[in-house]
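Inspection log for the structure reproduced underneath, given as C-alpha coordinates.
The values are calculated or read from the model by the stated rules, or taken from the named source; none is laboratory data. Just so it is clear, the structure is predicted and the values come from calculations on it, not from any experiment. In this analysis, Cβ positions are derived from the backbone assuming ideal geometry, glycine residues included, and neighbour counts consider all displayed protein chains. Areas reflect the complete protein model, heavy atoms only, side chains present, ligands, DNA and RNA absent. Shrake-Rupley method; radii C 1.70, N 1.55, O 1.52, S 1.80 Å.
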Amino acid sequence: MSDVGYALQVRGLSKRFGDFLAVKNVSLDIRAAGIHGIIGPNGAGKTTVFNILTKFLAPTTGTIWFHGQDITRLTPVEIARRGIVRSFQISAVFPNLTVLQNLEVALQRQAGLASQFWRSRKILAQLNDRAFDLLRSVGLGEFWNVKAKSLPYGRKRTLEIATTLALEPKLLLLDEPMAGMGHEDIASVSSLIRSLADRYAIIMIEHNLSVVSDICDRISVLSRGEVIAEGPYSEVSRNSAVRDAYIGGADG
Ligand SMILES: Nc1ncnc2c1ncn2[C@@H]1O[C@H](COP(=O)(O)OP(=O)(O)OP(=O)(O)O)[C@@H](O)[C@H]1O
Ligand SMILES: [Mg+2]
(Lines give C-alpha, C1' and ligand atoms only; values in the text may rest on other atoms or scores of the structure.)
(Ligands and ions follow the chains in the order given, each with its own letter.)
Protein backbone atom coordinates (compact mmCIF):
# COMPACT_ATOMS: atom_id res chain seq x y z
CA MET A 1 0.00 0.00 0.00
CA SER A 2 1.59 3.29 -1.01
CA ASP A 3 -1.01 5.99 -1.47
CA VAL A 4 0.72 9.29 -2.09
CA GLY A 5 0.06 11.82 0.62
CA TYR A 6 -0.11 9.34 3.47
CA ALA A 7 2.70 9.05 5.98
CA LEU A 8 1.28 6.03 7.74
CA GLN A 9 -1.27 3.43 6.79
CA VAL A 10 -2.46 0.64 9.03
CA ARG A 11 -4.72 -2.25 8.10
CA GLY A 12 -6.20 -5.06 10.17
CA LEU A 13 -4.22 -4.24 13.30
CA SER A 14 -5.04 -6.24 16.40
CA LYS A 15 -3.42 -6.97 19.74
CA ARG A 16 -4.28 -9.83 22.06
CA PHE A 17 -3.28 -9.92 25.73
CA GLY A 18 -4.07 -13.50 26.77
CA ASP A 19 -7.79 -13.92 26.14
CA PHE A 20 -8.37 -10.21 25.86
CA LEU A 21 -8.43 -8.52 22.45
CA ALA A 22 -7.36 -4.96 23.29
CA VAL A 23 -7.12 -3.78 19.65
CA LYS A 24 -9.42 -5.19 16.97
CA ASN A 25 -8.94 -4.86 13.22
CA VAL A 26 -7.86 -1.22 13.34
CA SER A 27 -7.23 0.73 10.14
CA LEU A 28 -5.67 4.18 10.02
CA ASP A 29 -4.71 6.56 7.22
CA ILE A 30 -2.43 9.31 8.48
CA ARG A 31 -1.57 12.15 6.10
CA ALA A 32 2.00 13.38 5.63
CA ALA A 33 1.17 16.69 7.32
CA GLY A 34 -1.54 17.65 9.74
CA ILE A 35 -2.90 16.41 13.04
CA HIS A 36 -4.83 13.17 13.34
CA GLY A 37 -6.58 12.84 16.69
CA ILE A 38 -7.30 9.53 18.38
CA ILE A 39 -10.05 9.76 20.94
CA GLY A 40 -12.05 7.23 22.90
CA PRO A 41 -12.98 6.18 26.43
CA ASN A 42 -10.41 4.92 28.95
CA GLY A 43 -9.19 1.45 28.08
CA ALA A 44 -10.26 1.78 24.42
CA GLY A 45 -6.81 0.71 23.19
CA LYS A 46 -5.37 4.09 22.18
CA THR A 47 -2.01 3.78 23.94
CA THR A 48 -1.75 0.14 22.86
CA VAL A 49 -1.97 1.33 19.24
CA PHE A 50 0.95 3.73 19.93
CA ASN A 51 2.89 0.91 21.58
CA ILE A 52 2.45 -1.15 18.43
CA LEU A 53 3.36 1.70 16.07
CA THR A 54 6.65 2.21 17.94
CA LYS A 55 7.10 -1.58 18.19
CA PHE A 56 7.19 -1.46 21.96
CA LEU A 57 4.59 -4.22 21.43
CA ALA A 58 4.34 -6.61 18.48
CA PRO A 59 0.93 -6.68 16.79
CA THR A 60 -1.04 -9.93 16.86
CA THR A 61 -2.26 -9.28 13.30
CA GLY A 62 -2.07 -6.45 10.82
CA THR A 63 0.24 -4.49 8.57
CA ILE A 64 1.81 -1.06 9.00
CA TRP A 65 3.16 0.95 6.06
CA PHE A 66 5.25 4.09 6.46
CA HIS A 67 5.54 6.15 3.28
CA GLY A 68 4.60 3.05 1.33
CA GLN A 69 7.06 0.67 2.97
CA ASP A 70 5.96 -2.24 5.10
CA ILE A 71 7.48 -1.56 8.53
CA THR A 72 5.49 -4.15 10.48
CA ARG A 73 8.52 -6.24 11.32
CA LEU A 74 11.06 -3.54 12.09
CA THR A 75 12.63 -3.16 15.54
CA PRO A 76 11.95 -0.11 17.76
CA VAL A 77 15.37 1.33 16.85
CA GLU A 78 14.70 0.95 13.12
CA ILE A 79 11.26 2.54 13.56
CA ALA A 80 12.79 5.53 15.37
CA ARG A 81 15.46 5.84 12.69
CA ARG A 82 12.75 6.10 10.03
CA GLY A 83 11.38 9.08 11.92
CA ILE A 84 8.46 7.69 13.92
CA VAL A 85 9.02 9.28 17.29
CA ARG A 86 6.90 9.26 20.38
CA SER A 87 7.16 12.28 22.58
CA PHE A 88 7.57 11.88 26.35
CA GLN A 89 9.14 8.46 25.95
CA ILE A 90 12.38 8.61 23.99
CA SER A 91 13.05 12.19 24.99
CA ALA A 92 13.96 12.63 28.60
CA VAL A 93 14.41 16.07 30.03
CA PHE A 94 17.37 16.40 32.39
CA PRO A 95 16.16 18.56 35.30
CA ASN A 96 19.54 19.98 36.31
CA LEU A 97 20.62 20.94 32.81
CA THR A 98 19.56 24.25 31.30
CA VAL A 99 17.03 24.42 28.49
CA LEU A 100 19.83 24.96 25.98
CA GLN A 101 21.94 22.09 27.38
CA ASN A 102 18.95 19.76 27.14
CA LEU A 103 18.60 20.61 23.47
CA GLU A 104 22.32 20.16 22.86
CA VAL A 105 22.25 16.71 24.48
CA ALA A 106 19.32 15.72 22.28
CA LEU A 107 21.07 17.04 19.16
CA GLN A 108 24.35 15.31 20.07
CA ARG A 109 22.52 12.06 20.52
CA GLN A 110 20.81 12.47 17.15
CA ALA A 111 24.16 13.28 15.49
CA GLY A 112 25.76 10.23 17.13
CA LEU A 113 28.32 12.41 18.90
CA ALA A 114 27.48 11.41 22.44
CA SER A 115 30.24 8.84 22.78
CA GLN A 116 32.91 10.80 20.95
CA PHE A 117 35.48 12.10 23.44
CA TRP A 118 36.81 14.87 21.25
CA ARG A 119 34.57 17.10 19.21
CA SER A 120 35.52 19.86 16.84
CA ARG A 121 34.63 23.42 17.74
CA LYS A 122 32.91 23.77 14.41
CA ILE A 123 30.54 20.85 15.09
CA LEU A 124 29.77 22.14 18.58
CA ALA A 125 29.06 25.63 17.22
CA GLN A 126 26.70 24.16 14.65
CA LEU A 127 24.91 22.21 17.38
CA ASN A 128 24.61 25.37 19.43
CA ASP A 129 23.08 27.26 16.48
CA ARG A 130 20.67 24.47 15.77
CA ALA A 131 19.69 24.25 19.46
CA PHE A 132 18.92 27.98 19.54
CA ASP A 133 16.92 27.71 16.31
CA LEU A 134 14.84 24.89 17.74
CA LEU A 135 14.30 26.76 21.02
CA ARG A 136 13.16 29.88 19.19
CA SER A 137 10.85 27.85 16.96
CA VAL A 138 8.97 26.54 20.01
CA GLY A 139 9.02 29.89 21.85
CA LEU A 140 11.62 28.95 24.47
CA GLY A 141 14.41 31.24 23.21
CA GLU A 142 14.38 33.55 26.20
CA PHE A 143 14.53 30.60 28.63
CA TRP A 144 17.75 29.15 27.20
CA ASN A 145 19.73 29.57 30.42
CA VAL A 146 17.02 28.36 32.83
CA LYS A 147 17.38 24.95 34.43
CA ALA A 148 14.74 22.55 33.11
CA LYS A 149 13.48 21.84 36.63
CA SER A 150 12.74 25.54 37.15
CA LEU A 151 10.47 25.81 34.11
CA PRO A 152 6.74 26.06 34.67
CA TYR A 153 4.87 22.87 33.75
CA GLY A 154 3.63 23.92 30.32
CA ARG A 155 7.10 25.07 29.25
CA LYS A 156 8.61 21.82 30.48
CA ARG A 157 6.25 20.03 28.12
CA THR A 158 7.32 22.42 25.39
CA LEU A 159 10.96 21.53 26.09
CA GLU A 160 10.07 17.85 25.85
CA ILE A 161 8.52 18.50 22.46
CA ALA A 162 11.61 20.46 21.38
CA THR A 163 13.95 17.61 22.37
CA THR A 164 11.70 15.27 20.38
CA LEU A 165 12.01 17.56 17.34
CA ALA A 166 15.81 17.33 17.71
CA LEU A 167 15.43 13.67 16.69
CA GLU A 168 14.25 14.88 13.26
CA PRO A 169 10.95 13.04 13.29
CA LYS A 170 8.65 12.61 10.31
CA LEU A 171 5.74 11.31 12.36
CA LEU A 172 5.20 12.53 15.92
CA LEU A 173 3.12 10.47 18.32
CA LEU A 174 1.74 12.50 21.22
CA ASP A 175 -0.06 10.61 24.00
CA GLU A 176 -2.23 13.05 25.94
CA PRO A 177 0.15 16.02 25.60
CA MET A 178 -2.23 18.27 27.57
CA ALA A 179 -2.62 15.93 30.54
CA GLY A 180 -2.42 17.77 33.85
CA MET A 181 -2.26 21.24 32.31
CA GLY A 182 -4.22 24.37 33.14
CA HIS A 183 -6.05 26.51 30.59
CA GLU A 184 -3.15 28.80 29.75
CA ASP A 185 -0.67 25.98 29.16
CA ILE A 186 -3.25 24.12 27.09
CA ALA A 187 -3.67 27.16 24.86
CA SER A 188 0.06 27.61 24.31
CA VAL A 189 0.92 23.91 23.87
CA SER A 190 -1.97 23.39 21.46
CA SER A 191 -0.93 26.33 19.34
CA LEU A 192 2.63 24.98 19.33
CA ILE A 193 1.41 21.55 18.20
CA ARG A 194 -0.75 23.19 15.54
CA SER A 195 2.25 25.16 14.28
CA LEU A 196 4.22 21.92 13.86
CA ALA A 197 1.52 20.37 11.70
CA ASP A 198 2.77 22.00 8.49
CA ARG A 199 6.09 20.21 8.78
CA TYR A 200 5.25 16.94 10.54
CA ALA A 201 2.61 14.27 10.51
CA ILE A 202 1.19 14.18 14.02
CA ILE A 203 -1.01 11.62 15.74
CA MET A 204 -2.34 12.89 19.03
CA ILE A 205 -4.25 10.90 21.63
CA GLU A 206 -6.27 13.43 23.60
CA HIS A 207 -9.18 13.41 26.04
CA ASN A 208 -9.75 17.17 25.92
CA LEU A 209 -12.37 17.37 23.18
CA SER A 210 -12.24 21.13 22.83
CA VAL A 211 -8.52 20.86 22.03
CA VAL A 212 -9.31 18.02 19.61
CA SER A 213 -11.98 20.04 17.85
CA ASP A 214 -9.68 23.10 17.71
CA ILE A 215 -6.51 21.59 16.28
CA CYS A 216 -7.16 18.14 14.74
CA ASP A 217 -7.71 17.89 11.00
CA ARG A 218 -9.23 14.43 11.28
CA ILE A 219 -9.92 12.01 14.10
CA SER A 220 -10.44 8.30 14.67
CA VAL A 221 -12.65 7.20 17.52
CA LEU A 222 -11.64 4.01 19.30
CA SER A 223 -14.07 2.11 21.47
CA ARG A 224 -13.35 -1.32 22.96
CA GLY A 225 -10.40 -1.70 20.60
CA GLU A 226 -12.29 -0.84 17.42
CA VAL A 227 -12.37 2.25 15.21
CA ILE A 228 -16.05 3.19 15.30
CA ALA A 229 -15.78 6.45 13.35
CA GLU A 230 -13.25 8.42 11.32
CA GLY A 231 -13.33 11.88 9.74
CA PRO A 232 -13.29 15.56 10.66
CA TYR A 233 -14.30 16.21 14.27
CA SER A 234 -17.34 18.22 13.22
CA GLU A 235 -18.77 15.18 11.40
CA VAL A 236 -17.65 12.48 13.79
CA SER A 237 -19.00 14.25 16.87
CA ARG A 238 -22.52 14.06 15.41
CA ASN A 239 -22.26 10.27 14.96
CA SER A 240 -24.65 8.45 17.31
CA ALA A 241 -22.30 5.46 17.83
CA VAL A 242 -19.64 7.91 19.03
CA ARG A 243 -22.04 9.53 21.46
CA ASP A 244 -23.05 6.11 22.80
CA ALA A 245 -19.40 5.05 23.27
CA TYR A 246 -18.73 8.14 25.36
CA ILE A 247 -21.79 7.68 27.52
CA GLY A 248 -20.58 4.10 28.13
CA GLY A 249 -16.98 5.26 28.78
CA ALA A 250 -15.50 6.67 31.97
CA ASP A 251 -14.75 10.11 30.54
CA GLY A 252 -13.82 11.75 27.29
N1 LIG B 1 0.62 -5.06 28.56
C2 LIG B 1 -0.69 -5.29 28.78
N3 LIG B 1 -1.10 -6.48 29.26
C4 LIG B 1 -2.42 -6.74 29.47
N5 LIG B 1 -3.40 -5.85 29.20
C6 LIG B 1 -3.05 -4.66 28.74
C7 LIG B 1 -1.68 -4.30 28.50
N8 LIG B 1 -1.63 -3.03 28.01
C9 LIG B 1 -2.92 -2.61 27.97
N10 LIG B 1 -3.76 -3.58 28.39
C11 LIG B 1 -5.24 -3.49 28.43
O12 LIG B 1 -5.68 -3.12 27.13
C13 LIG B 1 -6.76 -2.21 27.21
C14 LIG B 1 -6.42 -0.96 26.43
O15 LIG B 1 -5.45 -0.23 27.17
P16 LIG B 1 -4.84 1.13 26.64
O17 LIG B 1 -3.83 1.56 27.62
O18 LIG B 1 -4.41 0.98 25.23
O19 LIG B 1 -6.13 2.10 26.69
P20 LIG B 1 -6.23 3.66 26.41
O21 LIG B 1 -7.28 3.82 25.35
O22 LIG B 1 -4.91 4.24 26.16
O23 LIG B 1 -6.86 4.19 27.79
P24 LIG B 1 -6.61 5.56 28.60
O25 LIG B 1 -7.50 6.58 27.94
O26 LIG B 1 -7.05 5.24 29.97
O27 LIG B 1 -5.15 5.90 28.51
C28 LIG B 1 -7.02 -1.96 28.68
O29 LIG B 1 -8.07 -2.82 29.09
C30 LIG B 1 -5.71 -2.36 29.34
O31 LIG B 1 -5.93 -2.83 30.65
MG1 LIG C 1 -3.73 5.66 27.15
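For segment 157-173 versus segment 195-218, the inter-centroid distance based on Cα atoms is 15 Å. Annotation: peptides 183-192, 231-240, ranked by per-residue average of other Cβ atoms within 10 Å with the highest first, follow the order 183-192, 231-240.
Sorting the segments 169-176, 10-17 by their mean number of nearby beta carbons within 10 angstrom, highest to lowest, gives 169-176, 10-17.
Annotation: amide H-H contacts under 5 Å for Ala229 (H modelled 1.01 Å from N, sequence separation of 5 or more, or interchain): Val221. Taking amide H atoms as placed 1.01 Å from N in the peptide plane, the amide H of Thr98 lies under 5 Å from those of Ala148, each 5 or more residues away in sequence or on another chain.
Stokes-Einstein diffusion of the chain at 37 °C, 0.692 mPa s viscosity, Kirkwood radius from Cα pairs, rounded to a whole number: 173 µm²/s. Packing order of peptides 208-216, 125-133, highest average first: 208-216, 125-133 (average count of other Cβ atoms within 10 Å over each peptide's residues). Computed from the C-beta positions of Arg11 and Ala187 and an R0 of 41 Å, the FRET efficiency is 0.65 to the nearest 0.05. For Lys122, the aspartates and glutamates whose Cα comes closer than 15 Å to its Cα, not counting residues fewer than 8 places off in the same chain, are Glu104. From its DSSP helices (H runs of at least four residues, each -39,500 (n - 2.57)), the chain gives a residue-normalised ellipticity at 222 nm of -11000 deg cm²/dmol. For segment 156-167, backbone phi angles converted through the Karplus equation (6.51, -1.76, 1.60; θ = phi - 60°) give residue-by-residue couplings of 5, 4, 4, 4, 4, 5, 4, 5, 5, 5, 4, 7 Hz, Gly and Pro being listed as x. Per residue, the chain exposes an accessible area of 49 Å² to a 1.4 Å probe, with every protein chain left in place. Give me the percent of the accessible area of the chain that comes from carbon and sulfur atoms, probe 1.4 Å, all protein chains in place. Carbon and sulfur atoms account for 50 percent of the accessible area of the chain.
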